[in-house]
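The values are calculated or read from the model by the stated rules, or taken from the named source; none is laboratory data. Please read all numbers here as calculations on a predicted model, not as lab measurements. Don't worry about glycine lacking a Cβ; one is built from the backbone with ideal geometry, like all the others, and counts go over all protein chains shown. SASA here: full protein model, heavy atoms, side chains in, ligands and nucleic acids out. Shrake-Rupley method; radii C 1.70, N 1.55, O 1.52, S 1.80 Å.
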Amino acid sequence: MKHPVGETGGAGPAPEVVRALFPSDRLSLVERYAELLATDGVVRGLIGPREVPRLWDRHLVNCALLATALPRDARLADIGSGAGLPGLVVALARPDVRVTLVEPLLRRTTFLEEVAAGLGLDNVLVRRDRADAVHGDETYDVVTARAVAPLERLLGWCMPLVAPAGFLLAMKGDSAEEEIDSARSVLRELGCAAPTVEVLSAPPVAGSAAPGTTSAQTRVVRVTWADPARVSLPTSGGRGGGRSGKRRSPRRKR
């Protein structure tokens, strides 16, 4: 009989699928983060107490699945990071990915900074800002968002941060197709390609009795530029979240 990966305070035992989603040397860090969410995160109003019993499946595993869709050594911006979902989870699952957590609220950025420092995550940068305040400063290979806004609004905040060859990954679940339909005009205006809905599944757990099956899945909307060569995204060329660049929305080259 298999033993759980580990136990964390109020978060309960980690499910076996965690071993397939995180490097072995980061499992203890994931457990510590889960404990912080279940304790400090609740006390500081970052997650609701009713979310604690489903912290692993609904939040941590769900967000870790996003990491399976990222290219190697990507630069990623997580918009509206909140308690670090999915940004901090991605940073834990993918040490090769450089993650910028963009969050406007001080109490949240304080928590994010404390967690990143406490877990020794040197691939994480916390930036206290609204997404549109970052426009013109940086572009990223991948931009992520979870439970931030409908896709129609999210596109205007996130696509100016997407590099010409990059993409937006929006975690949308069952609402994905409906939100794409509502965002058609915005997609055309911005010069985006037709979005795709993808189902991300966990890889098999080593030694599992049924390695080909898993119940861990999440649905995401992937948005790219229709013609990367015709999209101009001005940046300041800075690194580390500087604010010297002129903030503009993307424009189509003529």
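Numbers for the structure displayed
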item: Complete set of residues in region 188-206 that are out of contact with any Ser or Thr (no Cβ under 6 Å at 6 or more places or on another chain), closer than 25 Å to P228 by Cβ and in a loop (DSSP other than H, G, I, E, B); result: G191, A194, P195
item: Within region 147-176, tally of residues that are under 15 Å from the mean Cα position of the chain (by Cα), at pLDDT 95 or above and open to solvent by 10 Å² or more (accessible area, probe 1.4 Å); result: 3
item: Subset of region 64-93 [within 11 Å of V124 (Cα to Cα) and surrounded by 24 or more Cβ atoms within 10 Å (Cβ to Cβ)]; result: L76, A77, D78, G84, G87, L88, V89, V90, A91, L92
item: Residue within region 126-140 that is under 27 Å from P15 (Cα atoms) and either out of contact with any Lys or Arg (no Cβ under 9 Å at 6 or more places or on another chain) or among the polar types (S, T, N, Q) (or both) present; result: no
item: Qualifying residue in region 122-144 (condition: touching a Pro at 6+ places or on another chain (Cβ under 7 Å), in contact (Cβ under 8 Å) with a residue 40 or more places away in the chain and not in a loop (DSSP other than H, G, I, E, B)); result: yes
item: Residue within region 66-84 that is hydroxyl-bearing (S, T, Y) and touching a residue at least 60 places away in the same chain (Cβ under 8 Å) present; result: yes
item: Only one of R108, R58, R26 that is open to solvent by 10 Å² or more (accessible area, probe 1.4 Å), within 26 Å of P203 (Cβ to Cβ), modelled with pLDDT of 95 or more and not in a strand (DSSP E or B); result: R26
